[in-house]
Amino acid sequence: MSARRNTALTLAGALTVRAALMGAGALSAGSAGAPWRRTNYAGRSLTLLGGPALAASATATAVLGAPAGIRAATALVGAVSGLVGGYDDLAGARPEQARDKGLAGHLRALRSGRVSAGAVKVAGIGAAAAAAAVLTRRGSGPGALADGIVTTGLVAGTANLLNLLDLRPGRAAMAGAIAAALTLRGPAGGLAAGPFGATLAVLPADLAERVMLGDCGANALGALLGLRLARVPGRSSRIGLLAGIVALTLASEKVSFTSVIEATPGLRELDRLGRRPT
């Protein structure tokens, strides 16, 4: 039963994101799509509207597949992460925001008396993650508090980590699809099925450099996957996952993921799979 349901949710995610991408394509051709247009690392013009398409489809189908007790939390983290990510996509492109990148950039802006678009996004995702932890709380006492902290960290941390990968075509989508595929089993596996299908369906357009996930798509998908990770059995397993996400996030402040991937055989070939030559 769960396998058939997951298959249906995967198909639903794929179909809804394809329909949304068609709408995004029509919108991007007009003046309304101008704020979403960007030039990527290779100098090619594309649109960030793939992000809202993915965020909407992944969130809606994740809610359909989530266990009853966590549907409200699923809707919350997907919607809020997508909205504040979209805000950062638009406001963060302003010239005065150009230097406010990464944790150091956001802190530097705060010290100078400015609130960067990225800081708004971080606060919004953090608040949604904390609210999701409350909505999905199991039991009471110190153990429940520890679980809540881990849930908050997994949702916010995975949202941020997936966004850090969105620097080359298909990289964030491929990582998200792999993470979703690995978490399809278990009582909460349905939460990842719709996002899995939606991510697979947006991947060809991402690799072809017609769309980019941006903060909206990457943050929403990451937050949903983080909530799925928060349902992994065993507190020690969840703490281990959180520790890995925190370590990668801190490492990103010092080293370039792209440089590491390019220097690592296997990862380099996987990262380039299906991508257009530069």
Every residue from region 41-58 that is open to solvent by 20 Å² or more (accessible area, probe 1.4 Å) and in a helix (DSSP H, G or I): Pro52, Ala56
Arg38 of a type outside the set (Asp, Glu) and part of a strand (DSSP E or B): yes
Which residues, taken from region 268-278, are basic (Lys, Arg) and either exposed (fewer than 13 other Cβ atoms within 10 Å of the Cβ) or not in a loop (DSSP other than H, G, I, E, B) (or both)? Arg268, Arg272, Arg276
Return the residues of region 1-26 that are open to solvent by less than 40 Å² (accessible area, probe 1.4 Å), out of contact with any strand residue (DSSP E or B) (no Cβ under 8 Å at 6 or more places or on another chain) and hydrophobic (A, V, I, L, M, F, W, C); say none if nothing qualifies. Leu9, Ala12, Ala14, Val17, Ala20
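The values are calculated or read from the model by the stated rules, or taken from the named source; none is laboratory data. The structure presented is a predicted model; accordingly, all values stated were derived computationally and were not measured. Every residue, glycine among them, receives a Cβ derived from its backbone with ideal geometry; neighbour counts consider all protein chains shown. We work out accessible area using only protein heavy atoms, side chains counted, and drop any ligands, DNA or RNA first. Shrake-Rupley method; radii C 1.70, N 1.55, O 1.52, S 1.80 Å.
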